[in-house]
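Asks: Got a structure for you, written out below as structure tokens; questions coming shortly.
All of the numbers you see were taken from the coordinates with simple rules; none came from a lab. Keep in mind that what you see is a predicted model, and the values were worked out from it rather than measured. Neighbour counts run over all protein chains shown; Cβ positions are idealised from the backbone, glycine included.
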Amino acid sequence: MALGLTEEHQQLAETIRAWAQRNCPPEAVRAAADSPDSGAASYQQALAPGLAEQGLLGLHLPEDDDGLGFGLPELAVALEELGRALVPGAYLPTVLASAVLAAGGVTGKLIAGLASGTRTGAVCLATGLEGQPAADGGLTIDGAAGPVLGASLAELIVVPVQVGENEEWVAVDASALQVTPVDSLDLTRPVGQLAAARVTVPADRRLTGLDRAAVTSLAAILFGAEAAGIADWAVHTAAEYAKMRHQFGRPIGQFQAVKHRCAWMLTAAELAAAAVWDAARTEPDDPSAQPPGRPREFAAGVAAVLALDAAVSCVNDCIQVLGGIGYTWEHEAHLYYRRAMSLRALLGASADWSAKVAELALAGAHRPVQVELPGGDAGLRAGLASELAEIAALSGQERAGRLAEGGWVTPHLPRPWGRGAGPLEQVIIDQELRKAGVRTPTLMIGAWVVPALVQYGTKEQQDRFLPPTLRGEIIWCQLFSEPGAGSDLAGLSTRAVRADGGWRLTGQKIWTSLAKQAAWAICIARTNPAEPRHAGISYFLLDMADPGVEVRPLKEMTGESFFNQVFLDDVFVPDDCVVGEVNGGWKVARTTLANERVSLSRSWAFGSGVAELLAQVRAGGGGPSGQAGRLVAEGHAIDLLGLRVTLKQLSGTEPGATGSVRKLLGMRHAQQVAELCWAMSGPDGALGAGPSAGLRQHEGPNGPHWARQVLTNRALTIGGGTTDIQLNIIGERILGLPRDPGPPAA
């Protein structure tokens, strides 16, 4: 769940984590919490010089100002790690102050002192100070504002001042203000109130290049980075405790309620990391630009919505998993909870940030989610473009044939079925196909069949089935699920009995899409009942035209029949249609299931995405809402998870949790969008819609359309592995929680 993806960022994170473990162990955090005054002194005397020596106070600042010359992404990585360690003191308020000053065009001693650790800083986000212009171009300010994070530790404070009808930002020496420490919810970091009485601000301390959006965007990114570290700490603390804490004779992590709670925590932390990572790498906005030209403000708003709430909710759930011990003063969980709550309160209410995201999105602001590839691929692109130009001139089956023969349909597979393309070339191929206006044949379930045949099929099977499948000439269906097994595919009861020259299959399959249209099916059946559950299963290619195959449509809650039941009555399958070894079909099926999950994770909106949500909000005339804004933020972050999977593959690292999390969240998100759009339809949501209504182009608050979408999307968290199964996978395979107990012995 690390925020950084590159090798350099991962090395930076490891270095900072090691520094924090040496210099700020849990007992140091506890000492700061037990005695806030000595904690502040501890920061000044020990931590600040150490952070400065590591260059962490100036990661994001130019070298001419005593910085290291990196940027916000590196600073975000540092804050994530220091947040995970709950480092006390003025680090976050100081780097926020220097980032704001740098954004305001400040250079020289003022900012260099913050980078070198000889000066501390803070930023006031609250209003209440007013300024009057002075003859020398400066300001005279009065008023009160707060609370301000780190104010009592700061020597320089950046504050907003209302000057007439405009708000300006100025840098003021703390000694010129009345700074009153107040009790802080976060016991490891102080807050204070500010008061000004005829305080003079020189002209060179007026940061005229800043506006509130720029400052709060920086605050959202940096607060969010620390929050991401807190959320990650909570996930791993809960998971590790759930592995070792025994109750009722087994580890509590084996109980599904605990396992699912930890898995949901991980999904929140993944979204937080993705949102902050994206916001940190977004270039600053032009202050004069209107919303469509303010991608950082949008991305920072997404981070503010998701990361701060993730920190609060993850620590809350961590305490729940810890149980009584988590509620004690001695356990550090409450210190993380206090830090997370304090960050959320100081940055602003989640509902306000959600409404802001909705407002920006409705005005056209967005942050493109796309892979930015390194240079040096001009030769490859030119060759691909030349081949595709020839293919683009063809049509119909001739074009489909050339695409299949050239490996364009499944470029990741080895030749001759693909192009043996690595992750980078796959991305480039996809981009060049789009440029050329060439669409590859839609394989549907065939896209899951092809990898299994490439890996396990005989040459005869490959030559017979792969070319027409890749040309889009064969429609496949999948005969895996059964009425009594559901997601437990190893519990299947369809049997295959040895016959002369092959096998005879008898049984019932269910939830089969495309069964009425398919010419062939992939089918798993039990060939040796005496073997254990996952053994004794074989993988067959079944001719759907066999007279023993009966397809009965299933009428779903929408009134349509997309799924089917399939009854197999003594269906003969020849030996040359067994894929892989007899009784070894489970590993072949796993290849198919893995490809199914990848395919499903690529597209999850099904007409209930962010674009449709915004169209509904606009048509409804109700203006932006916090609920809509949160869904916009989540939708953007889910897209970012897909981008992060691609970037991890491009760098040669394992995607880890990201793919499973994206599938889980994507399906739920589509349901939530449909439900909100239906709710915005008002009384029209009570109107029914026939099967064709779901296909009509809807305009405005179309209740029947959205009622139908709600009904249709109920299948999303069931098909391809239910939400509950996905949560088990995340809990067991990613967090390492104990597996569910096996079935009782017969």
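Asks: Percent relative contact order of the chain, based on C-alpha pairs within less than 8 angstrom and at least six residues apart?
Replies: So the answer I get is 10 percent.
Asks: If we restrict to alpha carbons, what Rg and Dmax does the range 145-222 come to, in Å?
Replies: Cα-based Rg and Dmax for the range 145-222 come out at 13.1, 38 Å.
Asks: Restricting to Cα atoms and excluding each atom paired with itself, what does the Kirkwood estimate give for the range 490-583 in Å?
Replies: Radius from the Kirkwood sum: 13.7 Å.
Asks: A further question follows. What list of ³J(HN,Hα) couplings, whole Hz, do you get for the range 497-514 from phi and the Karplus terms 6.51, -1.76, 1.60, once you set θ to phi - 60° and write x for glycine and proline?
Replies: These are the phi-based 3J(HN,Hα) values: 10, 4, 9, 5, x, x, 9, 10, 9, 9, x, 10, 10, 9, 6, 8, 7, 6 Hz.
Asks: Under 5 Å between amide H atoms, partner at least 5 residues away or on a different chain: which partners does SER481 have, H built in plane at 1.01 Å?
Replies: The list, which skips near neighbours in sequence, is ILE510.
Asks: To test your reading of the geometry: what angle, between 0 and 90 degrees and rounded to tens, separates the Cα axis of helix 626-650 from the longest principal axis of the chain?
Replies: Helix 626-650 and the main axis of the chain meet at about 70 degrees.
Asks: Using per-residue counts of other Cβ atoms within 10 Å, averaged over each peptide, order 500-512, 243-255 from highest down.
Replies: Going by the mean number of other Cβ atoms within 10 Å, highest first, we get 500-512, 243-255.
Asks: Could you compute how fast the range 343-497 diffuses translationally, taking Rh as the Kirkwood radius over C-alpha pairs and applying Stokes-Einstein at 20 °C with viscosity 1.002 mPa s? Give it in µm² per second.
Replies: Stokes-Einstein gives a translational diffusion coefficient of 110 µm²/s.
Asks: What is the antiparallel percent of DSSP beta bridges lying wholly in the chain, to the nearest 5?
Replies: 85 percent
Asks: About the Cα centre, and with charges only on the beta carbon of Lys, Arg (+1) and Asp, Glu (-1), how big is the dipole of the range 430-500? Nearest 20 debye, please.
Replies: The dipole magnitude comes to about 180 debye.
Asks: What is the angle, in °, between the Cα long axis of helix 7-23 and the longest principal axis of the Cα atoms in the chain? Nearest 10 is fine, range 0 to 90.
Replies: For helix 7-23, the angle is close to 50 degrees.
Asks: Could you order peptides 271-281, 134-144 by the average number of other Cβ atoms within 10 Å of their residues, highest first?
Replies: Order by mean packing, descending: 271-281, 134-144.
Asks: Quick one: which residues, 5 or more positions from GLY502 or on another chain, have an amide H under 5 Å from its amide H? H modelled 1.01 Å from N in the peptide plane, none for Pro or chain starts.
Replies: ASP575
Asks: Moving on. Give a residue-ordered list of calculated ³J(HN,Hα) values for the range 201-209 (Karplus: 6.51 cos²θ - 1.76 cosθ + 1.60, θ = phi - 60°; whole Hz; x for Gly, Pro).
Replies: 10, x, 4, 6, 9, 8, 8, 6, x
Asks: Let me ask something else. For the range 200-279 and the range 513-568, write down the distance between their C-alpha centroids in whole Å.
Replies: 44 Å
Asks: With θ set to phi - 60° and the Karplus curve 6.51 cos²θ - 1.76 cosθ + 1.60, what are the ³J(HN,Hα) couplings of the range 609-617 in order, to the nearest whole Hz, using x for Gly and Pro?
Replies: For the range 609-617, the Karplus curve yields x, 4, 4, 5, 4, 5, 4, 5, 5 Hz.
Asks: Over all distinct Cα pairs, what is the inverse of the mean 1/r for the chain, reported as the Kirkwood hydrodynamic radius in Å?
Replies: Every distinct Cα pair counted, the radius reaches 28.8 Å.
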